[in-house]
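For reference, the structure discussed in these notes is given below.
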Amino acid sequence: MKKILYLTDLYYQAKGRNYYEEDIYITGKLKDYFDVVLCNPKNSESFERDVDLIVFRNTGGVRGFKDIYNSFVDRVKTNNLKTFNEFTGKADMEGKQYLLDLTLEKYPVIPTIDTIKDIDLLPNVDKYVIKPKDGADSIGLEFLTRNELIERNLTDGTTLIQPAIDFKYEVSFYFINDKLEYALYAPNKEQRWKLEKYNYTDEDIEFAQKFIKWNGIKNGIQRVDACRTQDGKLLLVELEDLNPYLSVLELDEETRKVFMADLINAFNNMI
Ligand SMILES: Nc1ncnc2c1ncn2[C@@H]1O[C@H](COP(=O)(O)OP(=O)(O)O)[C@@H](O)[C@H]1O
Ligand SMILES: [Mg+2]
């Protein structure tokens, strides 16, 4: 059988979810099709050249192990290692800069700036959100009034500034390569991790695919996180193209089966 090095952090503590349960489920299925070995990204170097494919999964925010992550990506490039996701994405794997780019390119994203000098590019609202450009898992995310925001005088480009969106709900679209597998939403705003199946419309698919197309990743799992505004529009919150948590255990059996079959297929097509 072909060999897969499956990178994850089984000990990562995420709010409201146990990432490792999903990894145990996925690798439990993969083992019937591939020789699979699990490994923390910290320990992967000496194994990387012995495998046919490296799968990068629930490692948590890479900000917590920046140097290790950067040298891993360097090795992927210099040693031509096959990875899933491939490291060609322009979204989360590069930080949150893409939100600024997409704002300027007029994509349907939460309008985003990275210096208070550009405040006029945002709508004039009561509340704003700031978050670190290289953040994840809500670390460093704050809600501020306009006055508080102005007092911070953020000008060094390391913090993103957005209007706080009073959304109806958040919804995520999960893709393997360019195929939409399923969508989940959080009907209760207070319980962001209590997800339910979301029945998307053609318009919703079109919205999500716009970002998948823009990013151009051929081999990988991506999650398009969006919010539904009070006037019914979808706006992009985040495009997770590095290691999106998949909520695989919350899916119905049929959706999960199709997802796993497509994932196995995607791996087989690469090796
Ligand atoms: N501009 C915003 N307005 C309202 N809520 C926001 C905004 N930005 C983020 N949030 C809330 O914070 C959560 C985490 O933000 P996100 O941008 O996805 O960062 P992270 O990388 O930490 O996941 C979102 O899912 C949403 O609930
Ligand atoms: Mg997020």
note = Of the candidates Ile150, Ile161, the one satisfying the condition of being touching a helix residue (DSSP H, G or I) at 6+ places or on another chain (Cβ under 8 Å) and open to solvent by 30 Å² or more (accessible area, probe 1.4 Å) is Ile150
Every residue from region 195-217 that is open to solvent by 80 Å² or more (accessible area, probe 1.4 Å) and in contact (Cβ under 8 Å) with a residue 60 or more places away in the chain = Lys210
ask   = For region 66-86, does any single residue satisfy the condition of being touching a Gly at 6+ places or on another chain (Cβ under 8 Å) and open to solvent by 20 Å² or more (accessible area, probe 1.4 Å)?
value = yes
query = Would you call Gln97 within 25 Å of Ile130 (Cα to Cα), surrounded by fewer than 16 Cβ atoms within 10 Å (Cβ to Cβ) and not assigned by TED's automatic domain parsing to the domain that holds Lys218?
reply = no
ask   = Could you list, in sequence order, the residues of region 218-232 that are open to solvent by 10 Å² or more (accessible area, probe 1.4 Å) and in contact with a strand residue (DSSP E or B) (Cβ under 9 Å, 6 or more places away or on another chain)?
value = Asn219, Arg223, Asp225, Arg228, Thr229
remark   = Selection from region 1-24 of residues under 17 Å from Tyr245 (Cα atoms) and open to solvent by 50 Å² or more (accessible area, probe 1.4 Å) yields Leu10, Tyr11, Tyr12, Gln13, Lys15, Gly16, Asn18, Tyr20, Glu21, Ile24
Any hit, region 246-264, residues being within 16 Å of ligand 2 (Cβ to nearest atom) and either closer than 24 Å to Lys168 by Cα or open to solvent by 30 Å² or more (accessible area, probe 1.4 Å) (or both) = yes
key: Complete set of residues in region 124-143 that are more than 16 Å from ligand 2 (Cβ to nearest atom) and surrounded by fewer than 18 Cβ atoms within 10 Å (Cβ to Cβ)   = Asn124, Val125, Asp126, Lys127
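The values are calculated or read from the model by the stated rules, or taken from the named source; none is laboratory data. Note that the structure is a prediction, hence the values are computed from the model and not measured. So basically every Cβ, Gly included, is an ideal-geometry build from the backbone, and we count neighbours across all protein chains shown. When the accessible area is computed, the model is the full protein with side chains, heavy atoms only, and any ligands, DNA or RNA have been set aside. Shrake-Rupley method; radii C 1.70, N 1.55, O 1.52, S 1.80 Å.
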